[in-house]
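See structure below.
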Amino acid sequence: MDLYDSRAGITSFLFLKCPPEPVDLAFVFCSPSLSSLYPAIALYKAGLAPKVLITGGGIAVSGAPEWAFYRDHALEAGLPESALLIETDARNTAENAAFGAALIEKALGWDRVRSLAVCAKPFHMRRAVMTLRRHVPEDRRLIAQPPDDPGDLSADTWWQSAKGRRRIFGELAKIGDYALRGDLGDV
């Protein structure tokens, strides 16, 4: 990468992605649209994630609460209710991470969760990982698993539209805001 190519630098910073691997839990950051759930479903069906945590209390495109929209879709996709942990109150990334980590501690215990697949929108992955890092034990592995959905903002094209540029520069600003508030680990 050219050190002076700002677009490539921003893209490589925000758009994290790891190869799938076995994890103890898929941690899904809800959003109004459903694509963040897709990697968790794929990991579960491949036998790579026995549990899926869904966190989000916002409103989905369907008009339902995000957690309910995601839960219903997970059940329709064949995941059993026993594989799901549901957090219903989070309204932003900081709350997703804090409330989700508290639910893991209460429902499973950190002794049973050594690795997590972080499932969030591709452009949101860096903030999701950094925020979650603040709330999980330091020695737990976080594996970035964004969806590959044509409806999501793409690392290959985000700069080609005003909307894409606004979303990316807005995300960078939110990372700065979260860092200044102390909401990020790994800083």
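Of 116, 108, 142, all but one fail to be touching a strand residue (DSSP E or B) at 6+ places or on another chain (Cβ under 8 Å) and without any contact (Cβ under 8 Å) to a residue 40 or more places away in the chain; the exception is 142. Counting only strands (runs of 3 or more DSSP E) that sit wholly inside segment 7-125, those with at least 1 residues that are β-branched (Val, Ile, Thr) and open to solvent by 30 Å² or more (accessible area, probe 1.4 Å) are 84-87. Please state which of the following conditions residue 139 fails to meet, knowing it meets all the rest: (1) outside any loop (DSSP other than H, G, I, E, B); (2) open to solvent by 20 Å² or more (accessible area, probe 1.4 Å). Only one criterion in (1) outside any loop (DSSP other than H, G, I, E, B); (2) open to solvent by 20 Å² or more (accessible area, probe 1.4 Å) is unmet by residue 139, namely (1).
With surrounded by fewer than 14 Cβ atoms within 10 Å (Cβ to Cβ), under 14 Å from residue 13 (Cα atoms), touching a residue at least 12 places away in the same chain (Cβ under 8 Å) and not aromatic (Phe, Trp, Tyr) as the only criterion, which of 186, 156 stands out?
On the way: 156 fails: touching a residue at least 12 places away in the same chain (Cβ under 8 Å).
The match here is 186.
Scanning segment 152-187 for residues that are modelled with pLDDT of 95 or more, charged (D, E, K, R) and under 17 Å from residue 97 (Cα atoms) yields a count of 5. Restricting attention to segment 6-49, the residues being in contact with a Ser or Thr (Cβ under 9 Å, 6 or more places away or on another chain) and of a type in the set (D, E, K, R) number 2.
Would you call residue 148 in a loop (DSSP other than H, G, I, E, B), acidic (Asp, Glu), over 22 Å from residue 22 (Cβ atoms) and open to solvent by 60 Å² or more (accessible area, probe 1.4 Å)? For residue 148, the condition - in a loop (DSSP other than H, G, I, E, B), acidic (Asp, Glu), over 22 Å from residue 22 (Cβ atoms) and open to solvent by 60 Å² or more (accessible area, probe 1.4 Å) - is not met.
Residues in segment 151-163 that are in a helix (DSSP H, G or I) and closer than 25 Å to residue 40 by Cα: 158 alone.
The values are calculated or read from the model by the stated rules, or taken from the named source; none is laboratory data. Since this is a predicted model, take the numbers as computed values, not measurements. Note: ideal-geometry Cβ built from the backbone for every residue, glycine included; neighbour counts use all protein chains shown. These accessible areas exclude ligands, DNA and RNA; they are computed on the full protein's heavy atoms, side chains included. Shrake-Rupley method; radii C 1.70, N 1.55, O 1.52, S 1.80 Å.
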